[in-house]
Amino acid sequence: MTNELIINKPDDMHLHLREGELLGFVLKDTAKQFARAIVMPNLKLPVTTVNLARNYYDAIKSFGYDFQPLMTLYLTSELSKEEIKRAKESEIIHGIKLYPAGVTTNSKDGITSIDSCFNLFEEMQKYNLPLLIHGEVSDSKVDIFDREKIFIEKYLIKICQHFPSLRVVFEHISTKEAVDFVLESSVNVAATITPQHAMLNRNDLLSGGIKPHNYCLPVLKREKHQKAILQSAISGNPKFFLGTDSAPHLTSQKESACGCAGVYSAKTAIEIYADIFDQNDALDMLPNFCNKFGADFYSLPYNQTKIRLERKDYEIPRQLEFNGDKITPFLAGQTIHWQIAEMPH
Ligand code: NCD
Ligand code: ZN
């Protein structure tokens, strides 16, 4: 039995770092676990320009952690072709994120007509700047459990056919249809996988009492989807890589009559993935999933610093204190079996 893993420090290819005081809180947790992260742009004032991305980058760097933020722009209908060129030239921006308007937290400024973005996709293809997609339709008439599947049928197939060289990341996939779509697509199409979508299904959200801390978007689906996602994560296929979608909200905002979507996993993310892989006899697949496939997709060099993971029981805290408030971490109160440990001297 393997009791120790020494691996290159992982990358989180989908992370919400937030802003203000919460930024410092999330960064502290993230920098322990990850060398770099693709930073989501859905701030209260969305990161829609290179200048805003640079300000956000500077704010992140000002905390002084040994951590590299990989910035993204928030796609709006106002985005210009010139700004896409500037984004590419900036060297800090690694992708452009498409949120269908109204689909999730801070997405009201997102896209209402995907067809009208085709000229921008053209430009992104030209500059080899990846398109990151929250792949759900936001039509309130579509059943929430079908929104990802319908997005694939209505938009994703078309986008990928029209722009065969455009690099696309299908973010936080939650269905077997999404896994199949990625498998059938070219090497330019990849997906991020969160711990919650690999580990849980909708029973963990709705059976035996509602569990607001397992509520995120895309919403957890039935077990057959969870199994497909888990299999893709541990398969060793480079199209599937780590992206936590860690997205903190105050405990009070989640335990509410209208609770926010988002799971805060940043504090113990790599330990949780190690547990998932271990329980499925796939620990040997963890390193590439967490520090190679994502870097390859984004054309980044591999991290050189190492972390050590040790087999050791650890009970995830029930609550984290934040600024006189509380944040409930993913799997609060549960015991996981791997922990980051000091490197041997
Ligand atoms: C994210 C958030 O809170 O910013 N929430 C979530 O449930 N995943 C937004 C997102 O990625 O959809
Ligand atoms: Zn997200």
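The values are calculated or read from the model by the stated rules, or taken from the named source; none is laboratory data. What you are looking at is a predicted structure, and each value in this text was computed from that prediction instead of being measured. Heads up, the Cβs are rebuilt from the backbone with ideal geometry, glycines too, and the neighbour counts pull from every protein chain shown. Surface accessibility is based on the protein's heavy atoms, side chains included, excluding ligands, DNA and RNA. Shrake-Rupley method; radii C 1.70, N 1.55, O 1.52, S 1.80 Å.
Below are the figures for this structure:
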item	result
Gain on full stretching of the segment that runs from Met343 to Asn119 - 0.36 nm per residue minus C-alpha separation	75.7 nm
In segment 96-152, the trypsin sites (Lys or Arg not before Pro) that fall in loop regions by DSSP, at most 13 other Cβ within 10 Å	Lys108, Lys141
Spin-label zone in segment 269-299 - amide nitrogen under 15 Å from a point set 7 Å from the Cα of Val187 along the C-beta vector	293-299
Helix-only CD estimate at 222 nm, as mean residue ellipticity for the chain, using -39500 (n - 2.57) per DSSP H run (n ≥ 4)	-9000 deg cm²/dmol
Modelled FRET efficiency - R0 35 Å, Leu45 with Ser207, Cβ distances, 0.05 increments	0.35
Percent carbon-and-sulfur accessible area, the chain, ignoring ligands, DNA and RNA, probe 1.4 Å	49
Rounded to whole Hz, the Karplus (6.51, -1.76, 1.60) HN-Hα couplings of segment 314-320, x for glycine and proline	8, 8, 5, x, 6, 9, 10
Inter-probe distance in nm under a simple model that places probes 7 Å from Cα toward Cβ, at Arg308 and Arg86	4.7
Å² of accessible area per residue within the chain, as computed with a 1.4 Å probe and no ligands counted	42
Karplus (6.51, -1.76, 1.60) ³J(HN,Hα), θ = phi - 60°, over segment 288-294, in Hz, Gly and Pro reported as x	4, 5, 9, 9, 10, 4, x
Over segment 4-341, relative contact order from alpha-carbon pairs under 8 Å, at least 6 apart, %	18
C-alpha center-to-center spacing [segment 175-211, segment 135-150] in angstrom	14
Coil-residue trypsin sites (Lys or Arg not before Pro) of segment 235-340, DSSP, other Cβ within 10 Å capped at 16	Arg318
Fraction of antiparallel bridges per DSSP, segment 4-341 only, in percent to nearest 5	35
Modelled FRET efficiency - R0 45 Å, Lys126 with Thr335, Cβ distances, 0.05 increments	0.35
Rounded Å value of the spacing that divides the Cα centres of segment 214-242 and segment 4-72	23
Two-site FRET efficiency, Lys224 against Cys258, from Cβ-Cβ distance with R₀ of 25 Å, rounded to 0.05	0.30
Within segment 5-92, GluC sites (Glu not before Pro) in DSSP loop having at most 10 other beta-carbon neighbours inside 10 Å	Glu78, Glu91
Virtual spin-label span in nm between Ile157 and Thr105, 7 Å along Cα→Cβ	3.3
Under 19 Å, Cα to Cα: Lys pairs in segment 29-135, sequence gap 8 or more or different chains	11
Under 5 Å, built H, 5+ apart or other chain: amide partners of Leu217	Gly262
Two-site label geometry, Gln319 and Lys28: point separation in nm, points 7 Å out along Cα→Cβ	1.7
Given the chain, longest segment not containing exposed loop chymotrypsin sites (Phe, Trp or Tyr not before Pro) (DSSP; at most 15 other Cβ within 10 Å)	66-301
Cα-based Rg / Dmax (Å) for the chain	18.8, 59
Amide H partners (placed H, <5 Å) of Val189, local residues excluded	Val168
